[in-house]
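Colleague: Quick one: this structure, given as structure tokens, is what I'll be asking you about.
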Amino acid sequence: MRRILGSLIVSAALTAAAHAWTVTIITSQGQLNPGAVTTNVPAVVINNPLPQVTFLTAAGVPNPILVGDGTTFTNAGYTAEYSIAPNPGPAGQLTGFNFIIAGFVQGNAQINWQKKVVRNSDNAILYLDTGQIAGAGFGGTDGAFSLNIVGTLSQPADDVTVYENFTLFVAGQAPGFDTASLLLVEQDWVPEPASLLALGAGLAGLMGLRRRTR
């Protein structure tokens, strides 16, 4: 009994780990103003066993996504777009993600964000949300922040495009004090529990076998 149960668990784990996804970065770029300075933001992608995408906004070239803090920039935008597709062949569905935004705000500073997930097969919007991080000058809290937002798709999907937009803004009489910066933007995708379903089916069959042998 223990050997059979152990085999089922190992088999389910191997099935979950065997699949890889194709993640394609379409856009990862910011613009700092005044001056309309374009900055390219590198990304780190993990395809297996689940999609994970991290945009290193603090490592933008030639400038990080940062306004205020003694710079000449008072506002900025950052846009990220990427697609996820199964590879190879059919795969389990994705049901959501953990969306992590890390950065810093101080004084008269704001960061606004919007995230949208669209299914490629029919352009259905499966997720749409917005948010704001504000410094004390705009009624928020000064200092470093790290948000972990749990997002759930309205329907499971395995082929989507993700759109993310950020705007940063500072206003005040002390440009060396007011600061808005993005350190990183990350998303860790969550699967439909196919491996657990497989394990449950195996255990159900095992229980039936035990009943028949009694």
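Colleague: So what are the stretch 20-191's ellipsoid semi-axes, whole angstrom, largest first, if each one is the square root of 5 times an eigenvalue of the alpha-carbon gyration tensor?
Modeller: 32, 16, 12
Colleague: Per-residue counts of other Cβ atoms within 10 Å, averaged by peptide: what ranking do you get for 154-165, 72-83, highest first?
Modeller: 72-83, 154-165
Colleague: List the residues, sorted by chain then number, that are 5 or more residues from ASP158 or on another chain and whose placed amide H is less than 5 Å from its amide H.
Modeller: Those qualifying (amide H under 5 Å, at least 5 residues apart or on another chain) are LEU94.
Colleague: For a label point 7 angstrom out from the Cα of ALA58 toward its Cβ, which stretches of the stretch 88-121 have the backbone nitrogen within less than 20 Å?
Modeller: It comes to 99-107, 109-113, nothing else.
FYI, it's all coordinate maths here, none of it is from the lab. The shown structure was predicted, so the numbers you read here are calculated from the model rather than taken from an experiment. When we count neighbours, we look across all protein chains shown, and the Cβ atoms used for this are built from the backbone with ideal geometry, even at glycine.
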